[in-house]
Ligand code: MD3
Ligand code: FE
């Protein structure tokens, strides 16, 4: 389903076995060193979703090779199989011509509990215009897809469920977006996750 030019939602893209395998990998990546951390913004704010990074460490508002706002350890490597998954996602959502020449080399994994949210923002810290791939696991959330010019209206609210794929490329790459709410207790029992997890795959352009 196309939400805007370059923004494509593919419900149920990950089958249950893939969801379980991805969750197990995320739990492994979340362990120290350079594991799950709370992100603090320069203005003194705290992000309610906690995060772990692969390949490059994101901190507001730049990338580093070490967990500069965590324990300072080197960032875990970005595995080849995640890059393959990203290229397959872009091909399925936007077609083979949209797959970037440069390799996918960043994963940002956000863990949401029942009260976590993400305010409206743009992802502009990458030096490449390659599509961003988003994979969701666990609880359903409300995902707000806005416009490039402002953080406010007009925007479209979409329910993102566990197993869903969303790809943001072309004119949607710099659109504002956020997660105003998570619906607790909506993850399937077979997954064994209380809360929501989102994995974004990106090209750093470095
Ligand atoms: C639209 N994550 O990590 S995923 C983020 O659910 C982020 O954790 C949210 O926003 C989450 O930066 C939303 C959907 C998403 C991800 C990246 C985008 C939408 C995007 C990049 C550009 C445009
Ligand atoms: Fe974002």
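Say we look at the range 140-160 and pick out the residues that are within 12 Å of ligand 1 (Cβ to nearest atom) and in a loop (DSSP other than H, G, I, E, B); which of these is surrounded by the fewest Cβ atoms within 10 Å (Cβ to Cβ)?
In this case the residue turns out to be 148.
Go through the range 127-139 and report how many residues are surrounded by fewer than 19 Cβ atoms within 10 Å (Cβ to Cβ) and within 13 Å of ligand 2 (Cβ to nearest atom). Working first, answer last.
As a first pass, look at the range 127-139 and keep what is surrounded by fewer than 19 Cβ atoms within 10 Å (Cβ to Cβ): 127-129.
Still in the list and also within 13 Å of ligand 2 (Cβ to nearest atom): none.
Qualifying residue count, the range 127-139: 0.
For residue 96, which of the numbered conditions (1) closer than 21 Å to residue 134 by Cβ; (2) without any contact (Cβ under 8 Å) to a residue 12 or more places away in the chain; (3) within 16 Å of ligand 2 (Cβ to nearest atom) fails to hold?
Among (1) closer than 21 Å to residue 134 by Cβ; (2) without any contact (Cβ under 8 Å) to a residue 12 or more places away in the chain; (3) within 16 Å of ligand 2 (Cβ to nearest atom), residue 96 violates only (3).
Residues that are touching a strand residue (DSSP E or B) at 6+ places or on another chain (Cβ under 6 Å), within 13 Å of ligand 1 (Cβ to nearest atom) and modelled with pLDDT of 95 or more: which strands (runs of 3 or more DSSP E) entirely in the range 33-139 hold 1 or more of them?
Working: elements: 50-54, 57-59, 62-64, 106-112, 118-121, 132-138.
In the range 33-139, the matching strands (runs of 3 or more DSSP E) lie at 50-54, 57-59, 106-112, 118-121, 132-138.
The values are calculated or read from the model by the stated rules, or taken from the named source; none is laboratory data. In this text the structure is predicted, and so the values were computed from the model without any measurement. Reconstructed Cβ throughout: ideal geometry from the backbone, glycine too, with neighbour counts over all protein chains shown.
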